[in-house]
Amino acid sequence: MLNRRRFLTLSSLTALSPDLFALSPDRAAPAPLVVSTWNQPKANAAAEAVLKQGKRALDAVEAGVRVPEADPNDTSVGYGGLPDRDGRVTLDACIMDEKGNAGSVTYLENIMHPISVARAVMEKTPHVMLSGEGALAFALSQGFKKEKLLTASSEKAWREWLKTAKYEPKVNIERHDTIGMLAIDSKGDLSGACTTSGLAYKMNGRVGDSPIIGAGLFVDNEIGGACATGLGELVMRTCGSFLVVELMRQGRTPQQACEEAAKRIVGKQEYKDIQVGFLAVNRQGQVGAYSIQPGFNYTVSQNGLTQVLEAKSFLNK
């Protein structure tokens, strides 16, 4: 167990090199760990509470991301999410467990917790992904209730946007609440979850990287897991999270893998006005994070202590 002084020392070092957050690399099962994109201490706390009960990492990540899904102040996740340009709040989510099982939903409307529907897809159907009306019908068949997700404040913002209907996604603004979460449980097993309401004022029908296994999220229990945030189209074009895990399989640390994945995007894309960030953890509990633009932060929780850290970035080396 880490004492408080050692944890804070390691946490401060993590801001410079996230790999240093790790416990001893020769340990087969590090202490239970939760990491998530952006500033998500409440979500991490919910996940940690589940891990303390000795439950699976899968249970932890589902419980964790349900927190922002139900928070109307998180305007790019679930309830309160900013709508598409037609005024519809459409949700995407995926989940993956330590056995390689996965479930996903896209273009889901009127359901508070798409991550739980994604888990039901994984556990109760022969499929990985359900979309649109089919996803909604399945959710209702499983006992989920329809709810209005467009809040008064989000509707007001949308109507204000309609006055110009100018589509200009802003770095670290529109996507700052989309959450990807990875966890290691007491058995050393990994799982991950990712959930979002997507780009504000997107074209109706647009789906980003968040619900796509290998893009927004990928977990390999032999190696580690990774998740992504930012402009999903760029993550999809590089199979970003899968790439990060495969680079770790080849021997790179989580930090090195995240940096390489981001740099591959930079090498093919004008990057002045775009943001993509990667977050990864390996089986030893080492954490890595890297983004194209400054401003991407992430939350790490272990042994009851939580730290929000800013990732290194390509434009702020």
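The values are calculated or read from the model by the stated rules, or taken from the named source; none is laboratory data. Keep in mind the model is a prediction, meaning the values are calculated, not measured. Quick reminder, even Gly has a Cβ in these numbers, built from the backbone with ideal geometry, and neighbours come from all protein chains shown.
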Among the residues of the stretch 209-219, which ones are more than 17 Å from Gln255 (Cα to Cα) and either modelled with pLDDT under 95 or not in a loop (DSSP other than H, G, I, E, B) (or both)? Ile213
Before we move on, is Leu130 of a type in the set (A, V, I, L, M), outside any loop (DSSP other than H, G, I, E, B), surrounded by fewer than 20 Cβ atoms within 10 Å (Cβ to Cβ) and on the phi < 0 side of the Ramachandran plot? no
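Every residue, every condition in (1) closer than 23 Å to Thr299 by Cβ; (2) crowded, with 17+ Cβ neighbours inside 10 Å; (3) in contact with a Cys (Cβ under 9 Å, 6 or more places away or on another chain); (4) not acidic (Asp, Glu), yes or no:
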| site | (1), (2), (3), (4) |
| --- | --- |
| Ala57 | yes, yes, no, yes |
| Thr75 | yes, yes, no, yes |
| Leu82 | yes, yes, no, yes |
| Val105 | no, yes, yes, yes |
| Lys146 | no, no, no, yes |
| Ser153 | no, no, no, yes |
| Arg159 | no, no, no, yes |
Any residue at all in the stretch 220-236 that's part of a helix (DSSP H, G or I), closer than 23 Å to Leu58 by Cβ, touching a residue at least 12 places away in the same chain (Cβ under 8 Å) and in contact with a strand residue (DSSP E or B) (Cβ under 9 Å, 6 or more places away or on another chain)? yes
Only residues that are of a type in the set (Asp, Glu), at pLDDT 95 or above and within 11 Å of Thr196 (Cα to Cα): list them for the stretch 37-89, please. Glu69
Report every pair of residues separated by at least 6 positions or lying on different chains whose Cβ atoms are under 9 Å apart, first residue within the stretch 147-158 and at negative phi, second part of a helix (DSSP H, G or I). Leu150/Trp158
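Every residue, every condition in (1) of a type outside the set (Asp, Glu); (2) closer than 15 Å to Phe296 by Cα; (3) at pLDDT 95 or above, yes or no:
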position	(1), (2), (3)
Cys239	yes, no, yes
Met248	yes, no, yes
Gln256	yes, no, yes
Glu259	no, yes, yes
Ala262	yes, yes, yes
Residues of the stretch 259-304 satisfying the condition of being crowded, with 22+ Cβ neighbours inside 10 Å and of a type in the set (Phe, Trp, Tyr): Phe278, Tyr290, Phe296, Tyr298
If you take the residues in the stretch 178-208 that are part of a loop (DSSP other than H, G, I, E, B) and touching a helix residue (DSSP H, G or I) at 6+ places or on another chain (Cβ under 6 Å), which one is surrounded by the fewest Cβ atoms within 10 Å (Cβ to Cβ)? Asp189
Go through the stretch 42-64 residue by residue and tally those that are farther than 17 Å from Glu98 by Cβ and within 13 Å of the chain's Cα centre (by Cα). 2
Which residue, of Val34, Val65, is within 22 Å of Gln275 (Cα to Cα), buried (at least 22 other Cβ atoms within 10 Å of the Cβ) and in contact with a strand residue (DSSP E or B) (Cβ under 9 Å, 6 or more places away or on another chain)? Val65
